[in-house]
Every structure is written in C-alpha cells, then in structure tokens.
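Asker: One structure, as structure tokens, below. Some questions next.
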Amino acid sequence: MKVTVVGGGVIGITTAWYLAEAGHAVTVVDRAPAMADETSHANGGLLHASHAEPWNGPGVFWDLIRWIGRENSPLLVRPRAVPGLIRWGLGFLRYSRRRHHEHSLAVNARLAVHSLERLRALRAETGLRYDDRQEGILKVFNDRTAFESAVQASTLMAEAGVRYQVLDPDQTVALDPAYGDARAQLAGAIYYPEDESGDACLFTRRLAALAAERHGVSLLNDTAVEDWRLEAGRIVAARTNRGEIEADAWVLAAGSYTPLLTRPLGLRVPIYPVKGYSVTLHTPDWEGAPRIPMIDDERKVVMARLGDRIRMAGTAEFAGYDLSLRPARCDNVLNNVLATFPGLRDHIAPETREDWCGLRPMSMDGPPIIGATPVPNLYLNSGTGHLGWTFACGVSHLLAQQLSGEPPALDMAPLALSRFN
Ligand SMILES: Cc1cc2nc3c(=O)[nH]c(=O)nc-3n(C[C@H](O)[C@H](O)[C@H](O)COP(=O)(O)OP(=O)(O)OC[C@H]3O[C@@H](n4cnc5c(N)ncnc54)[C@H](O)[C@@H]3O)c2cc1C
C-alpha cells in the first residue's frame, strides 16, 4: 500500500520505519527544511517509563490556581491562551479525577515499557547510535512527603512492569557520586534501572536516513500540507505548497499541529500544545558530570548527559502556538538543575549555551491518540505529550501493525480517538 506520513518528528519517522518494514511504500512529508526540526529537536532526552504519570494528577487544579501569575512556576497559563484552552482545559481537569488518572497512568506505563523493548530491538537490528546511554534514571526528592507518595506511585507502575529501587541519600551518592553535592538536601531517590537516555533529534535524523537507504522511504522536506482532497469520504490527495500528493492511506504525526490538520475534515482531536524549554551546554571538561540522568519531580526539571553535552529541560506553559523563546524560563530550568549540581556552574561556557523551546502535543487525558479515525484511510499517531521520545518506537510499531491488519501487540482501545466519544 502507498502510505504518506505527515510529520517528520520522532513519531513520524519511526512510523515510516515500521510501515516500510511491513512492506508499504512510504513517503514522509514535513514542512520544515530538516526532519526533527520542531518538538523532537531538543527535548529532555529521557526515555522514561518512570515518568509515565499524566500531568493532570488529582491536585492539578489547585496547583494551577497556586501558580497563577508566577513567572517561575513549573506550570503557567498565559491569560491570552485561555479562550482557546477552555474546551480542552475542562477535559484536562475532568480526567484528573483519581479513577481516570490511575487508569491513564497504567495505560502509559504499559505502553512505555513496551516502547523501550521496541527501541532496544531496533537498536539491536540497526546498530543505530544517538549519544544514547543505558544507565537507568534517578528520580530525586528533597521533600519527604513527596518522596513517600512517589514511592507509592511506583508500586502502581510496577504492576505495569516498571522496575525500581528505593534509595536513601547515601545509597544515591554511592550509585552516582555526582549527586554528592546534593547529599544534605536529599530525602531520597528512586532508581529506574531500565530507563535510558539519548538525543531524539540525532536518532530521528539517522533513522530517517537509514529508512531511505534501506527501505526506499521518500523524505520530502519544505512541504506543508494545507488541505485535503476527498472522494467518497476517503482522502485521495493532500494539497501542499508544492502541489498534490496522492496515497492510499495517511498517517498524521504532526505533533501539536495534528488537530489543525483534521479540522478541515470535521474531526476534533483533543490535543493542546504545552510549551517547554531546554538548555544545552557543551561541557567536555566536566569530569564530575553525572553518569545517571536525573528527574527532579519537585522542581519539574530533567537532566541528561548527551555525549559531551548536558541537556536540561522543563516547565510547562499553556500559551497556544506561541513559540517565542523567553530567556527567563530557560534560566529557570538551568537554576533548577544547579540546585542539585552546583559544580556545573564552573563549566558553563555562555558561547556554547543553546536555549530552545518546543510544544508538547498533549492529549486531554494523558495517553497518546493512535490508530484509525472515522475517515476510513486516515490514521493518527500523536498526542504523546511529555513522553513522545519514550513512546516513539512503541506507538509507531502498534500503528504499523494496525494499518497492516496484524493483531497489535497491545490493546489499542485505550489509545484510540474513539475513547473520547
Ligand atoms: C521541553 C521538552 C522536553 C521534553 N522532554 C522529553 C523527554 O525527556 N522524554 C520524552 O519522552 N519526551 C519528551 N518531550 C516530548 C517529546 O519531545 C514530544 O512528545 C515528541 O517530540 C513529539 O514528537 P512528534 O513527532 O509527535 O512531534 P514533532 O517533533 O513536533 O513533529 C511533528 C512534525 O510535523 C511537522 N508538521 C506540522 N504541521 C505540518 C504540516 N501542515 N505539513 C507538513 N508537516 C507538518 C512539523 O514540521 C514537525 O516536524 C519533551 C518535550 C519538550 C517540549
């Protein structure tokens, strides 16, 4: 079958890979001059089944109220975004009830574990490298209550197959001495040995090149899909800035822009762009750099070593499709990492610092939105939120299985668009 994938981020390219492996003739179209130019470009770099918890936890409403107007808060709603946020936002709050939240957490955790298995298989098959590390991830806590409730949440995730180890401060420092400077403030940490890290952009671009070389996947950049041509309810062509493209089936992997592309089809897809920031520093001379990547859940920041770089990411801003880079938000990310690793301050070379922001394609309830739609030859692979790098190989393999008529490896009902009906 001739399949066109719209979007060449980590989700679109992994989709193309698995579809081509299943024997389809695949084209990827992306409006940007290179693949992985948008949200997959400089994310936190963590492949974290340990972070499968959706962001709309039971207390999220009060957090939002508490943080109103605080520029340095981890979650910020910009007033001008409110009108476009009402419908999605009410759903986001509705799904924060404990029953929904625990269901979504379990769905995400199972999917993340499956996705990491698929990634390992892909790495073994292709030998692909992307500044990757298989060292696990440490979630650190300074507050004892937060630590204890995270340990409790880990038992829920363990049921889905996420292995973990609870550590006291001494055990944390013994595991990775780089956490020594934070010893006095630590309440404890949780170590997730099967989590990984790596550069999503490098991975996406290298996999795209391999897909073209090995499976003949066509990669079309600078090509923006603007509208659709339908016949008898099926999409026969995409209208782009470079003319029409025809295909038998279509996969939308356009990240935060997926709902804008389904709008002309009368299809509402509950995904909202949630802005986040990252800072990358080249630190080849930082000998004390942590071996194990970090999630600091209280400060809402993550940090990973990518080759001789350090990548830090965090913050969530509801600001619509506004991609303006706010230096204060980037400084905030950096300062939150310095709180754990004060030694990093001596290795900041301002001329190598790269600030970046991107839009997480966040679904209303937490899990991504994958699979068939009411348009018979249109499929979605989007809504991966803060977990797109983690989920990429799993969601794309599942989608390829469904599109090829094979039984999917996981139940796809909790991931389907129809769950919102
Ligand atoms: C600050 C930050 C930190 C993050 N950290 C992590 C992390 O540590 N671990 C993790 O698992 N996830 C993380 N994420 C989330 C992850 O980066 C995303 O979920 C993932 O990149 C989404 O990939 P995507 O392919 O769906 O979207 P994108 O990478 O945005 O790709 C969509 C593509 O569609 C193209 N497109 C859009 N509209 C059109 C059109 N009309 N025509 C043609 N092309 C179009 C765009 O050009 C783009 O290339 C983070 C996100 C952010 C913002």
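The values are calculated or read from the model by the stated rules, or taken from the named source; none is laboratory data. Fair warning: this is a prediction, and the values are worked out from it, not measured in the lab. Here the Cβ is made from the backbone with ideal geometry for all residues, glycine too, and neighbour counts use every protein chain on show. These accessible areas exclude ligands, DNA and RNA; they are computed on the full protein's heavy atoms, side chains included. Shrake-Rupley method; radii C 1.70, N 1.55, O 1.52, S 1.80 Å.
Asker: For the stretch 168-197, name all the residues that are among the charged types (D, E, K, R), touching a strand residue (DSSP E or B) at 6+ places or on another chain (Cβ under 8 Å) and within 16 Å of the ligand (Cβ to nearest atom).
Answerer: At the first step, the residues of the stretch 168-197 found to be among the charged types (D, E, K, R) are 168, 170, 176, 181, 183, 194-196.
Remaining after also requiring touching a strand residue (DSSP E or B) at 6+ places or on another chain (Cβ under 8 Å): 168, 176, 195-196.
Across the stretch 168-197, the qualifying residues are 195, 196.
Asker: Only one of 338, 325 is out of contact with any Lys or Arg (no Cβ under 8 Å at 6 or more places or on another chain) and among the hydrophobic types (A, V, I, L, M, F, W, C). Can you tell me which? It would help to see each step written out before you state the result.
Answerer: Numbers: 338 fails: out of contact with any Lys or Arg (no Cβ under 8 Å at 6 or more places or on another chain).
Going through 338, 325 in turn, the sole match is 325.
Asker: Something else now. Is it true that residue 273 is open to solvent by less than 10 Å² (accessible area, probe 1.4 Å), touching a Pro at 6+ places or on another chain (Cβ under 8 Å) and not small (Gly, Ala, Ser)? Quick ask: steps written out before the conclusion?
Answerer: Details: open to solvent by less than 10 Å² (accessible area, probe 1.4 Å): yes; touching a Pro at 6+ places or on another chain (Cβ under 8 Å): yes; not small (Gly, Ala, Ser): yes.
Criteria met by residue 273.
Asker: Right, residue 411: surrounded by 19 or more Cβ atoms within 10 Å (Cβ to Cβ), more than 12 Å from the ligand (Cβ to nearest atom), modelled with pLDDT of 95 or more and not aromatic (Phe, Trp, Tyr) or not?
Answerer: Numbers: surrounded by 19 or more Cβ atoms within 10 Å (Cβ to Cβ): no; more than 12 Å from the ligand (Cβ to nearest atom): yes; modelled with pLDDT of 95 or more: yes; not aromatic (Phe, Trp, Tyr): yes.
For residue 411, the condition - surrounded by 19 or more Cβ atoms within 10 Å (Cβ to Cβ), more than 12 Å from the ligand (Cβ to nearest atom), modelled with pLDDT of 95 or more and not aromatic (Phe, Trp, Tyr) - is not met.
Asker: Further question: Identify, please: which residue in the stretch 159-212 is over 23 Å from residue 338 (Cα atoms) and among the polar types (S, T, N, Q) and is, among those, surrounded by the fewest Cβ atoms within 10 Å (Cβ to Cβ)?
Answerer: So, considering only residues that are over 23 Å from residue 338 (Cα atoms) and among the polar types (S, T, N, Q), the one surrounded by the fewest Cβ atoms within 10 Å (Cβ to Cβ) is 165.
Asker: Show the residue pairs that are 6+ apart or on different chains and have beta-carbon atoms under 9 Å apart, the first residue being within the stretch 61-76 and within 14 Å of residue 319 (Cβ to Cβ), the second being among the charged types (D, E, K, R) and modelled with pLDDT under 80.
Answerer: The qualifying pairs are 73/66; 76/70.
Asker: Do you know which residues across the stretch 226-271 are more than 17 Å from residue 4 (Cα to Cα) and polar (S, T, N, Q)?
Answerer: 256 - this is the single residue of the stretch 226-271 that is more than 17 Å from residue 4 (Cα to Cα) and polar (S, T, N, Q).
Asker: Looking at the stretch 297-319, which of its residues are more than 26 Å from residue 284 (Cα to Cα) and small (Gly, Ala, Ser)?
Answerer: Within the stretch 297-319, 316, 319 qualify.
Asker: I'm trying to understand the selection: among the residues of the stretch 314-366, which are of a type in the set (S, T, N, Q) and free of Cβ contacts under 8 Å to residues at least 40 places away in the same chain?
Answerer: Passing the criteria: 324, 335.
Asker: Those residues that are out of contact with any Phe, Trp or Tyr (no Cβ under 9 Å at 6 or more places or on another chain) and either at pLDDT below 95 or not in a loop (DSSP other than H, G, I, E, B) (or both), I need them from the stretch 371-381; list them, please. Talk me through it step by step, then tell me what you get.
Answerer: Of the residues in the stretch 371-381, the ones out of contact with any Phe, Trp or Tyr (no Cβ under 9 Å at 6 or more places or on another chain) are 374, 376, 380-381.
Within the stretch 371-381, 380, 381 meet the criteria.
Asker: Counting just the residues of the stretch 341-358 that are under 24 Å from the mean Cα position of the chain (by Cα) and not basic (Lys, Arg), which one comes out surrounded by the fewest Cβ atoms within 10 Å (Cβ to Cβ)? Spell out the reasoning first.
Answerer: Residues of the stretch 341-358 that are under 24 Å from the mean Cα position of the chain (by Cα), as a first pass: 353-358.
Applying the additional criterion that residues be not basic (Lys, Arg) yields 354-358.
Working: 354: 13, 355: 17, 356: 16, 357: 22, 358: 24.
The extreme case among them is 354.
Asker: Within the stretch 402-412, can one find any residue that is in contact with a Ser or Thr (Cβ under 8 Å, 6 or more places away or on another chain) and either touching a residue at least 40 places away in the same chain (Cβ under 8 Å) or among the acidic types (Asp, Glu) (or both)? Can you show your working first?
Answerer: As a first pass, look at the stretch 402-412 and keep what is in contact with a Ser or Thr (Cβ under 8 Å, 6 or more places away or on another chain): none.
No, the stretch 402-412 has no match at all.
Asker: May I pose another question? Counting just the residues of the stretch 225-242 that are of a type outside the set (D, E, K, R) and surrounded by fewer than 17 Cβ atoms within 10 Å (Cβ to Cβ), which one comes out nearest to the chain's Cα centre (by Cα)?
Answerer: Of the residues in the stretch 225-242, the ones of a type outside the set (D, E, K, R) are 225, 228, 230, 232-233, 235-238, 240-241.
Applying the additional criterion that residues be surrounded by fewer than 17 Cβ atoms within 10 Å (Cβ to Cβ) yields 230, 232-233, 236, 241.
Numbers: 230: 32, 232: 35, 233: 32, 236: 30, 241: 28 Å.
For the stretch 225-242, the residue satisfying everything is 241.
Asker: Please go through the stretch 258-270 and give me each residue that is over 12 Å from residue 381 (Cα atoms) and open to solvent by 10 Å² or more (accessible area, probe 1.4 Å), ordered by number. If you could, list the steps in order and put the result at the bottom.
Answerer: Residues of the stretch 258-270 over 12 Å from residue 381 (Cα atoms): 260-268, 270.
Hits for the stretch 258-270 are 260, 261, 263, 264, 265, 266, 267, 268, 270.
Asker: Ok, one more. Do you know which of the residues in the stretch 306-328 that are charged (D, E, K, R) and crowded, with 22+ Cβ neighbours inside 10 Å is nearest to residue 70 (Cα to Cα)? I'd like the intermediate steps shown before the answer.
Answerer: So the first thing to find is which residues in the stretch 306-328 are charged (D, E, K, R), and the list is 308-309, 311, 317, 322, 326.
Checking which are crowded, with 22+ Cβ neighbours inside 10 Å leaves us with 311, 317.
Numbers: 311: 24, 317: 11 Å.
For the stretch 306-328, the residue satisfying everything is 317.
Asker: Looking at (1) under 30 Å from residue 207 (Cβ atoms); (2) open to solvent by 50 Å² or more (accessible area, probe 1.4 Å); (3) in contact (Cβ under 8 Å) with a residue 24 or more places away in the chain, which one does residue 143 not meet, given that it meets all the others?
Answerer: Of everything listed in (1) under 30 Å from residue 207 (Cβ atoms); (2) open to solvent by 50 Å² or more (accessible area, probe 1.4 Å); (3) in contact (Cβ under 8 Å) with a residue 24 or more places away in the chain, residue 143 misses just condition (1).
Asker: From the list 4, 39, 14, pick out the single residue that is under 30 Å from residue 220 (Cα atoms), in contact (Cβ under 8 Å) with a residue 60 or more places away in the chain and more than 10 Å from the ligand (Cβ to nearest atom). Before the answer, list the steps.
Answerer: On the way: 39 fails: more than 10 Å from the ligand (Cβ to nearest atom); 14 fails: more than 10 Å from the ligand (Cβ to nearest atom).
Among 4, 39, 14, only 4 is under 30 Å from residue 220 (Cα atoms), in contact (Cβ under 8 Å) with a residue 60 or more places away in the chain and more than 10 Å from the ligand (Cβ to nearest atom).
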